[in-house]
Amino acid sequence: MDYPYEEARPKRQYAAVFNVNKCIGCQTCTMSCKSTWTYSKGQEHMWWNNVETKPYGGYPQFWDHKLLEKLGPNKWSSATGQNGSVYSGKTIFEAAPIGEVALGYLPEDKEWQSPNIYEDTPTTTDPDKGPDESVDLVNLPAHTTWFFYLQRICNHCTHPACLAACPRKAIYKRQEDGIVLIDQNRCRGYRKCIELCPYKKPMYNLATRISEKCIGCYPRVEQGIEARCMAACVGKIRLQGLKNSLPEEAEANAENPLNYLIHIKKIALPLYPQYGTEPNIYYIPPRWIPKQFLYQMFGPGVDEALKVYSNMDEELLGVLSLFRSTQKILEKFNINSNQAVGYDAKGQEVIRVPIDEPVIVRPPKYHNTS
Amino acid sequence: MGNKNFIIAFIIFLLAWPLLFIGSAVFPFPQQIDVVSKRVSQPLPITDPSSNLWVNALPNEIQLGAQTVTKPILATPSIKSVMVSSIHNSSWIAFRLEWKDLTRNVSTTGTEYYQDAAALQFPILEGTPFLGMGEEGQPVNIWQWRGDWQEDINNVYQEVEATYPNMWVDSYPSAVSEPPYNIPKIASIDKLFVPGWNAGNPISQPIKVTPISDHIAEGFSTLTFKPEQQVIGRGVWEDGTWIVVYARPLDTGDPSDTKFTIGEDKSMAIAVWDGANREVDGRKAVSAWLMMRVEGSSFPFSLNIIVELASVALIGTAVVLLRRPTRSL
């Protein structure tokens, strides 16, 4: 891959799994990040975390449509991921125009407005019927009329396009946790990072005239606590931690919940992997969405991921039960006798949850409705 | 005239030739000087680019081309040429740039807004390093005039409401102010909540003192603000033309500054950015290395002593040798 710097993976990589199936679009994650980091002058338009309704929504508007169109159609060796599919197309680095490090575009101010545009706006795959008329709305494997919420933060990519884009090396990736940061002293507001990030997560501060981006809540991560947007999730769809960067190391460290979900069970997939930056936020794909859309967005692992997700064993269910059980970053998990136990980096138990919740029937005299 | 005098003249004549060549080789005849900083005796017109004092210095038109060595590359920058002139008064030196730019771009308060700018580059040490911002061990001093800083100084530090005058925010949690509230200015917000400013980035500093930023660089991607900002000046746009004046003491006493010495030559280069064309960083119009000279006195000729003496000796002995002998044969 035509990345301008040598491969240098961090010791551990800040990563998260988002279960798209469970997101209710409450935007609590969005507001928690906003009220922690981006409420000052010049940051009014910034949403380092955003939740957009697919297919039409996007922040900035049509960010993915525009780049996918520029990149053009590209192939994987196996669309359905059988036997490990290999991308044979161009990443944004190979597709770079002459004189550029990668393929991209600069969104203008107005594209950052209305971050929740097209919220809850469905599309339909039935051309003869409108969304209200389609009778088989909710049949699986794919709903005829559908939308879903896509929650996005900076992916703290392994090969960040923003870092490659900066003409003066003002962006760096931390060795200890792979968090990617814009040096606020060194940035001169050239905005090449905004132009070339395929996910459009660096943003321009109109008052300080330099660029800013999601900082991975690194002060929290340094204390062993999950990021704000993760901790605040009402629907309990998010689990964040520090995974091993190399797949083989991750597979060898299967007790780490992120390694387990991403590299062992493979139910969580990267966003637009074809861009080539190796993003580190992984998504359990929504079950009711037409597969073609999901292949383009999450790559060829979709079928396998959904197969495993739809038919999970007690261990997988246990790990998923640990989502949002604690704010502490879990380094290890253990499932036994209907309990999921989570341990921090020091090996201390921090949380214990039942996998099958006990069912309790309230005696009639305490009913409040009869 | 006697034979003895004849022989002496002839020997001097023979010796003068090698001296002439050696003199030319060691101290070459004056090369092309692109910018002569003319000496004046008055205080320099630092804030008045259209001052009469500038008529002392004939401007030279310098051609500009694209920067094509390092990414990002813009193959077609807007500005094709710039007029440059310079004056000094033995204490301060000033440069004047003039170029055509149809639009006055002085705003950087918008994701797609870039400013007009122009910069001068000088080597700090002897010699001429790589044009692309110097090289390791051979630093350059870069003075960049910026349109947005000029607007901050002419007006007030431009913030979000400069682009969005109808925006309203009742209060920022981090604003340190008293009612009645107007939209707080950055300068009234606790620095802790203004990351660029708190990190000490001069770009984000709301109090601008000079529109010209003073830098040092040792090659691509190393441009750094100098702790001591020494350059002042002003830029004025009128009817599609920018005129910018840069001024600084000839010798600031800081070894990391380029030093101008009267009578000496120095390389310089010019870069111009057109904000309307989204030019910034390496996407700019640049000149080649130029040669500038700080004029020593009003004597127009350069003094290359060895060459002058050798020339005088040659002419003198030639005259002696060619004179008809006065004695009769």
Residue A:57 - would you say it is in contact (Cβ under 8 Å) with a residue 60 or more places away in the chain, on the phi > 0 side of the Ramachandran plot and either in contact with a Phe, Trp or Tyr (Cβ under 9 Å, 6 or more places away or on another chain) or surrounded by fewer than 22 Cβ atoms within 10 Å (Cβ to Cβ) (or both)?
no
How many residues does region A:333-367 contain that are in contact with an Asp or Glu (Cβ under 8 Å, 6 or more places away or on another chain) and over 22 Å from residue A:223 (Cβ atoms)?
4
Just one of (1) in contact with a strand residue (DSSP E or B) (Cβ under 8 Å, 6 or more places away or on another chain); (2) β-branched (Val, Ile, Thr); (3) within 22 Å of residue A:188 (Cα to Cα) trips up residue A:208, so point out which.
(1)
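Conditions tested, residue by residue: (1) within 11 Å of another protein chain (Cβ to nearest Cβ); (2) surrounded by fewer than 22 Cβ atoms within 10 Å (Cβ to Cβ).
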site: A:152; (1), (2): no, no
site: A:176; (1), (2): no, yes
site: A:188; (1), (2): yes, yes
site: A:194; (1), (2): yes, no
site: A:200; (1), (2): yes, no
site: A:204; (1), (2): yes, no
site: A:212; (1), (2): yes, no
site: A:217; (1), (2): no, no
Would you confirm, using the coordinates I've provided, whether residue B:92 is in the same structural domain as residue B:131 (by TED's automatic domain parsing) and surrounded by fewer than 20 Cβ atoms within 10 Å (Cβ to Cβ)?
yes
Exactly one of (1) over 28 Å from residue A:87 (Cα atoms); (2) out of contact with any Cys (no Cβ under 8 Å at 6 or more places or on another chain); (3) in a loop (DSSP other than H, G, I, E, B) is unmet by residue A:324. Its number?
(2)
Would region B:97-115 turn up any residue that is of a type in the set (A, V, I, L, M, F, W, C), under 16 Å from the mean Cα position of the chain (by Cα) and buried (at least 21 other Cβ atoms within 10 Å of the Cβ)?
yes
For region B:55-76: of the residues being loosely packed, with under 12 Cβ neighbours inside 10 Å and assigned to a loop (DSSP other than H, G, I, E, B), which is farthest from the other protein chains (Cβ to nearest Cβ)?
B:58
Collect the residues in region B:243-253 that are in contact with a Lys or Arg (Cβ under 8 Å, 6 or more places away or on another chain) and surrounded by fewer than 21 Cβ atoms within 10 Å (Cβ to Cβ), keeping them in residue-number order.
B:243, B:250, B:251, B:252
Unique residue being part of a loop (DSSP other than H, G, I, E, B) and touching a residue at least 12 places away in the same chain (Cβ under 8 Å) when the list is A:345, A:340, A:305:
A:345
Any residue at all in region B:185-201 that is crowded, with 20+ Cβ neighbours inside 10 Å, of a type in the set (A, V, I, L, M) and within 30 Å of residue B:49 (Cα to Cα)?
no
Please go through region B:141-190 and pick out each residue that is more than 9 Å from chain A (Cβ to nearest Cβ) and in a helix (DSSP H, G or I).
B:147, B:149, B:150, B:151, B:152, B:153, B:154, B:161, B:187, B:188
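Tell me, please, whether a residue that is surrounded by fewer than 21 Cβ atoms within 10 Å (Cβ to Cβ) and either within 14 Å of another protein chain (Cβ to nearest Cβ) or not aromatic (Phe, Trp, Tyr) (or both) can be found in region A:159-168.
Taking every residue of region A:159-168 in turn, at least one turns out to be surrounded by fewer than 21 Cβ atoms within 10 Å (Cβ to Cβ) and either within 14 Å of another protein chain (Cβ to nearest Cβ) or not aromatic (Phe, Trp, Tyr) (or both).
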Within region A:90-128, work out how many residues are free of Cβ contacts under 8 Å to residues at least 40 places away in the same chain, within 11 Å of another protein chain (Cβ to nearest Cβ) and not in a loop (DSSP other than H, G, I, E, B).
1
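Hey, does region A:34-44 have a residue that's more than 14 Å from chain B (Cβ to nearest Cβ) and either out of contact with any Cys (no Cβ under 7 Å at 6 or more places or on another chain) or modelled with pLDDT of 95 or more (or both)? Give the derivation first.
Of the residues in region A:34-44, the ones more than 14 Å from chain B (Cβ to nearest Cβ) are none.
Scanning region A:34-44 turns up no residue that is more than 14 Å from chain B (Cβ to nearest Cβ) and either out of contact with any Cys (no Cβ under 7 Å at 6 or more places or on another chain) or modelled with pLDDT of 95 or more (or both).
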Look at residue B:195 and say whether it is over 30 Å from residue B:73 (Cα atoms), facing chain A (nearest Cβ under 9 Å) and not charged (D, E, K, R).
no
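Could you please find all residues in region B:252-289 being among the aromatic types (Phe, Trp, Tyr), closer than 18 Å to residue B:61 by Cα and away from every other protein chain (no Cβ under 14 Å)?
Answer for region B:252-289, where residues must be among the aromatic types (Phe, Trp, Tyr), closer than 18 Å to residue B:61 by Cα and away from every other protein chain (no Cβ under 14 Å): just B:289.
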Scan region B:217-231 for residues that are at pLDDT 95 or above and of a type in the set (A, V, I, L, M, F, W, C) and jot them down.
B:217, B:223, B:225, B:231
Residues of region B:204-219 classified as in contact with an Asp or Glu (Cβ under 9 Å, 6 or more places away or on another chain) and facing chain A (nearest Cβ under 10 Å), total
1
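The values are calculated or read from the model by the stated rules, or taken from the named source; none is laboratory data. A quick note: this is a predicted structure, and the numbers were derived from the prediction, not measured. Note: ideal-geometry Cβ built from the backbone for every residue, glycine included; neighbour counts use all protein chains shown.
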